[in-house]
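Remarks on the structure that follows.
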Ligand code: SAH
């Protein structure tokens with residue numbers, strides 16, 4: 001009897017965690033990055049719960065996108081300075097020889113600098129590679145990518161790995177990126193899980209609206 005009620009309780013807890021994860025996830029994708037920062041600052045436990053849910057999701061994928069970025073960086077000089085926007089548990093920094101500035105809302109690792117990715121504590125034109133690996137979550141995409149443009153050196157690399165189903169119009173997205181000062185260098189759209197996009201900074205972001213810069217929220221279904 002007690003065994004059965006324990007397993008029932010475990011199942012209920014699992015369900016509750018799943019529901020909280022989906023709720024937090026939805027908040028992150030439907031609000032701007034400042035709201036996300038406020039949410040997690042007020043409730044760090046929510047962040048840890050979010051991360052457990054995130055890990056569970058990506059474990060189902062055949063390949064973790066961050067591993068692709070690790071491989072990419074290993075092919076390039078280790079002297080390149082990297083900024084990892086939304087670094088999570090710092091898997092990237094832990095697997096390359098480069099100097100990596102790690103930014104996230106809550107420190108899952110001591111390497112993390114806690115900040116909103118829309119405003120990172122780096123000087124203008126100070127990094128060679130900026131990375132967003134499943135991290136373009138806020139609705140203020142233009143501001144976030146503008147920040148990446150600011151800290152990147154001219155000709156520097158912007159790597160974006162994002163959930164494939166978030167792109168409603170990839171061509172319009174890439175066109176908007178041009179306006180933000182990023183030329184498409186390569187795009188790998190072959191995975192049905194995530195797209196991997198490589199850009200080079202051509203100059204500062206041009207002001208004005210960039211209507212093509214839209215990604216659908218990544219909402220998970222109840223299982
Ligand atoms: N890049 C990591 C983690 C991806 S999960 C990996 O690929 O494993 C997305 C991460 O972005 C989360 O850790 C989340 O906390 C972070 N994030 C979301 N909004 C943010 C913001 N406004 N500022 C900084 N980090 C943010």
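Descriptive notes on the structure:
- The number of residues in the stretch 78-107 that are within 7 Å of the ligand (Cβ to nearest atom), part of a loop (DSSP other than H, G, I, E, B) and surrounded by fewer than 20 Cβ atoms within 10 Å (Cβ to Cβ) comes to 2.
- Residue count, the stretch 11-53 (criterion: within 10 Å of the ligand (Cβ to nearest atom) and over 21 Å from residue 138 (Cβ atoms)): 0
- Of all residues in the stretch 148-183, exactly one satisfies the criterion of being touching a residue at least 60 places away in the same chain (Cβ under 8 Å), within 24 Å of residue 30 (Cβ to Cβ) and part of a helix (DSSP H, G or I), namely 148.
- Filter pass, residue 20 being in a helix (DSSP H, G or I), modelled with pLDDT under 90 and closer than 23 Å to residue 166 by Cα: yes
- Residue 192 being surrounded by fewer than 15 Cβ atoms within 10 Å (Cβ to Cβ), free of Cβ contacts under 8 Å to residues at least 40 places away in the same chain and either under 16 Å from the mean Cα position of the chain (by Cα) or within 25 Å of residue 53 (Cα to Cα) (or both): yes
- Sole exception among (1) within 14 Å of the chain's Cα centre (by Cα); (2) modelled with pLDDT of 95 or more; (3) within 20 Å of residue 64 (Cα to Cα) for residue 217, by number: (2)
- Positions within the stretch 117-131 being farther than 13 Å from residue 146 by Cβ and touching a helix residue (DSSP H, G or I) at 6+ places or on another chain (Cβ under 9 Å), in sequence order: 122, 123, 125, 126, 127, 129, 131
- Residue in the stretch 110-125 that is more than 10 Å from the ligand (Cβ to nearest atom), closer than 20 Å to residue 44 by Cα and at pLDDT 95 or above present: yes
- Residue-level analysis places residue 163 outside the set of residues that are more than 11 Å from the ligand (Cβ to nearest atom) and surrounded by 16 or more Cβ atoms within 10 Å (Cβ to Cβ).
- For the stretch 54-77, filtered to residues that are more than 11 Å from the ligand (Cβ to nearest atom) and at pLDDT 95 or above, the residue that is surrounded by the most Cβ atoms within 10 Å (Cβ to Cβ) is 73.
The values are calculated or read from the model by the stated rules, or taken from the named source; none is laboratory data. Nothing here was measured: the structure is a model prediction, and the numbers come from that model. Backbone-built Cβ (ideal geometry, glycine too); neighbour counts: all protein chains shown.
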